[in-house]
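These notes concern the structure reproduced below.
The values are calculated or read from the model by the stated rules, or taken from the named source; none is laboratory data. Being a predicted model, the structure only gives us computed values, none of them experimental. As a convention, Cβ positions derive from the backbone with ideal geometry for all residues, glycine included, and neighbour counts pool all protein chains shown. These accessible areas exclude ligands, DNA and RNA; they are computed on the full protein's heavy atoms, side chains included. Shrake-Rupley method; radii C 1.70, N 1.55, O 1.52, S 1.80 Å.
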Amino acid sequence: MSDLPADPTMLHPFPDQPRVVLLKPLVTSPLIEVGDYSYYDDPEHPTAFETRNVLYHYGPEKLVIGKFCALGTGVRFIMNGANHRMDGPSTFPFPIMGGSWAEHFDLITGLPGRGDTVVGNDVWFGYNTMVMPGVRIGHGAIVASGSVVVDDVPDYAIIGGNPARVIRTRYNDDDIARLLDLAWWDWPAEHLTAHIRVIMSGTVNDLEEIAPRA
């Protein structure tokens, strides 16, 4: 058995499963940043992630996804470009229809936004989840299938529903602090390779024991 780490630059990490793509080698937009090994699974359009799953992304806000995130089929990120005015009688964006209406484009530019959408490391998104603009999702979180995420998500929280709410946390506060301090996702790939079983099925104590020493 090879002791070499997996290759984070491969578009399809499973050669016989084209439905799974690593996002970092896939994305081309300067407004999308993805960490190593984060993947998207889709039986029909996995390589169309930027256009089918990141919507209304006209900038300048960014979508930032950390390392080792797992995105199920149909995960969508709604970006700030989806905003409409709500301070007048109509929310319809007349200027984008063109013609003389385009002279009023200032009415739909500069709308207030919530900033970048940021996903931490080791986040698992279930099937058909939706993330609204400017949301920040903490490290180690789990988002249940069909959830609509409208607010920030704490580290290591399990959330679900529409709007999504915290169901429970995966660890107590002390263990969460320890996990954040360990930040295993930043360990060298060779070290991860040697300790995969602990990282996947060990305790926080076990993880501390195998942490790289300075």
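Here are the numbers for this structure:
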quantity: Alpha-carbon centroids, the range 9-66 and the range 94-122: separation in whole Å; calculated: 23
quantity: Crossing angle, helix 173-182 versus the chain [Cα axis fit, 0-90 degrees, rounded to tens]; calculated: 80
quantity: Of [x] 152; [y] 162; [z] 261, the label for volume of the Cα convex hull per residue in Å³ derived from the coordinates; calculated: [x]
quantity: Spin-label model distance (nm) - ASP106 vs ALA144, 7 Å beyond Cα toward Cβ; calculated: 4.8
quantity: Carbon and sulfur %, accessible surface of the chain computed with the full protein complex present, 1.4 Å; calculated: 55
quantity: Label-point separation in nm, ASN162 to ASP16, each point 7 Å along Cα→Cβ; calculated: 3.7
quantity: Stretch gain in nm, segment ASP173-ASP206, where the contour uses 0.36 nm per residue and the Cα spacing is subtracted; calculated: 10.1 nm
quantity: Spin-label pair ILE196/PHE94, simplified geometry with 7 Å Cα→Cβ offset, distance in nm; calculated: 6.0
quantity: Helix-only CD estimate at 222 nm, as mean residue ellipticity for the chain, using -39500 (n - 2.57) per DSSP H run (n ≥ 4); calculated: -3500 deg cm²/dmol
